[in-house]
Amino acid sequence: MLPANFSPFLYSLVPQWVAQDASTCELIKFNAFETLIKGPLTAVTGSSWPPAAPRFVHGVNATAGEQWAFDATSSDGKSGLLIGFYHDPTYAFLGPGNLRLSLDAVWPNGSTWSVVDYLSEAHLKICNQVTTGIWSKNNESTFYAFHFEPEKSLVSLEFHTPSVHGSITINSLLPARFPDGALESTHTVQASTFNAPAVDWIEIIPAGRADVRLSLDGTPFTWAGMGGAERWWAGQGWLDAFQGWTAVRAVLGPYVLTYWAPTSRLQAGKIFPSAFLARRGRKIFSASRIGPSMDTTNLDPYIEYRAFSETGDLVSSTMDPGTNKPGVAKGYVLSLVEPRDGKRWDFTLLHENMEFNFDLGNDNGGVAYVGKAKGGEVGDDTYDGVFFNEKVDVTKLKVPGFYIMAATWFHRVKAGIFGH
């Protein structure tokens, strides 16, 4: 029997996903204006819990939250999108509640489109390792949904709103991976999800084949390419936990490359990098340190991430000051180095189109691009492909004062809830 507060109608909207009897599944519902839990929360952990399932199953407190993120880039590197499903109280003081969705997109000609929507309910169904989530409004005619099947390495998304309609599928080339580079299928005991202080993370789809069939305000947005999916859950708001972050996803010939590197505010600017490289479906490299270091005895693998300036200069600084702004960097070189055997892989990422950007003043802000990628192992064949990258720097933001400024911008400019 479905619980009284669960809506079977929502699942009838996407009947191809209803493969299990709901009576044998875990059903979880969140409301936009749910009562916040007082005190600390305990996240669900353990290898038996599905990677895409919610971690704060009983709700959130005033600081904790989680998100499901999906991105895709077209095969020519000119179109892309980034989607986020959120369950968090970050902007709750403004009135719209704890459930929101964001979608940013760019067309081949560089035109961009974005929406931030606030929903009233989130319904999640967990059957074995399969997770379905539907963020909807009270009248149930507007919904955003995702469906993740780990055994098939497949995520499907469906949207039905006045401005966004259609579907996306991403067929993964690899199983989920963890911050230390471990792949889910190679461990009988689940690897650690620790990403940085107060934040956990799993890359549920490192990269896969993406098929995008959307209509955005009536304009077709249809193409094929590559994409991926992430899961984060945090005991602190992102701007309390992070000074910034860098993200990269690329597919080039036989290579899958991902890089995620948040900079911790809780540990005075320490970077927590995680780089991963696979070739023909097999992991060949992972690293969790920036290099090279002065300690020549350290033979652990390391990462170099350097920006190309508009003049073509290669910026050597790991932090790449100012590259969180549009036009400052025309691309990046991501190098993966294995000192023990002398191997090195270099990947050049050249920007084609800007997917989104935001400027919060005083050098704070962020930018995301899609584009062409080229690279491989030094001394071996070079391959072409495409990538998505994001660079955010909010080091100088004053927390919690940031929330007032950023939320006001977010709502006025993107969500428009004040009627402007």
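Summary of computed values
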{"quantity": "Residue in the range 400-420 that is loosely packed, with under 15 Cβ neighbours inside 10 Å, modelled with pLDDT of 95 or more and of a type in the set (Ser, Thr, Tyr) present", "calculated": "no"}
{"quantity": "Pair list, Cβ under 9 Å, 6 or more apart: the range 377-389 residue in contact (Cβ under 8 Å) with a residue 12 or more places away in the chain, other residue outside any strand (DSSP E or B) and surrounded by 19 or more Cβ atoms within 10 Å (Cβ to Cβ)", "calculated": "GLY385/GLY77; VAL386/GLY77; VAL386/LYS78; PHE387/GLY77"}
{"quantity": "Residue selected from the range 92-124 under the condition over 18 Å from GLU158 (Cα atoms) and at pLDDT below 95, by the criterion nearest to the chain's Cα centre (by Cα)", "calculated": "ASN98"}
{"quantity": "Tally of residues being over 30 Å from ALA62 (Cβ atoms) and over 16 Å from the mean Cα position of the chain (by Cα) across the range 202-250", "calculated": "16"}
{"quantity": "Where a residue in the range 20-37 is modelled with pLDDT of 90 or more and its partner, wherever it lies, is among the hydroxyl-bearing types (Ser, Thr, Tyr), with Cβ under 8 Å and at least six apart", "calculated": "ASN31/SER120; ALA32/TYR118; ALA32/SER120"}
{"quantity": "Test set (1) basic (Lys, Arg); (2) part of a strand (DSSP E or B); (3) within 21 Å of ALA182 (Cα to Cα) - ARG340 fails condition number", "calculated": "(2)"}
{"quantity": "The range 69-84 - residue that is in contact with a strand residue (DSSP E or B) (Cβ under 7 Å, 6 or more places away or on another chain) and surrounded by fewer than 24 Cβ atoms within 10 Å (Cβ to Cβ) and, of those, nearest to SER156 (Cα to Cα)", "calculated": "PHE70"}
{"quantity": "All positions within the range 361-399 that are over 21 Å from the mean Cα position of the chain (by Cα) and of a type in the set (A, V, I, L, M, F, W, C)", "calculated": "VAL378, LEU397, VAL399"}
{"quantity": "Test: residue in the range 98-106 that is surrounded by fewer than 23 Cβ atoms within 10 Å (Cβ to Cβ) and in a loop (DSSP other than H, G, I, E, B)", "calculated": "no"}
{"quantity": "Some residue of the range 255-277 being under 19 Å from ILE83 (Cα atoms) and polar (S, T, N, Q)", "calculated": "yes"}
{"quantity": "Within the range 149-162, tally of residues that are among the small types (Gly, Ala, Ser) and modelled with pLDDT of 95 or more", "calculated": "1"}
{"quantity": "Within the range 137-148, tally of residues that are at pLDDT 95 or above and either hydroxyl-bearing (Ser, Thr, Tyr) or surrounded by fewer than 19 Cβ atoms within 10 Å (Cβ to Cβ) (or both)", "calculated": "1"}
{"quantity": "Only one of ASP384, ASP359 that is surrounded by fewer than 18 Cβ atoms within 10 Å (Cβ to Cβ), touching a Lys or Arg at 6+ places or on another chain (Cβ under 8 Å), assigned to a strand (DSSP E or B) and at pLDDT 95 or above", "calculated": "ASP384"}
{"quantity": "Test for LEU349: is it part of a strand (DSSP E or B), among the aliphatic types (A, V, I, L, M), surrounded by 14 or more Cβ atoms within 10 Å (Cβ to Cβ) and modelled with pLDDT of 75 or more", "calculated": "yes"}
{"quantity": "Residue within the range 213-234 that is closer than 28 Å to GLY46 by Cα, modelled with pLDDT under 95, surrounded by 20 or more Cβ atoms within 10 Å (Cβ to Cβ) and in contact with a helix residue (DSSP H, G or I) (Cβ under 9 Å, 6 or more places away or on another chain) present", "calculated": "yes"}
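The values are calculated or read from the model by the stated rules, or taken from the named source; none is laboratory data. Small disclaimer: the values here were computed from a predicted structure and weren't measured. Every residue, glycine as well, gets a Cβ built from its backbone with ideal geometry; the counts of neighbours run over all protein chains shown.
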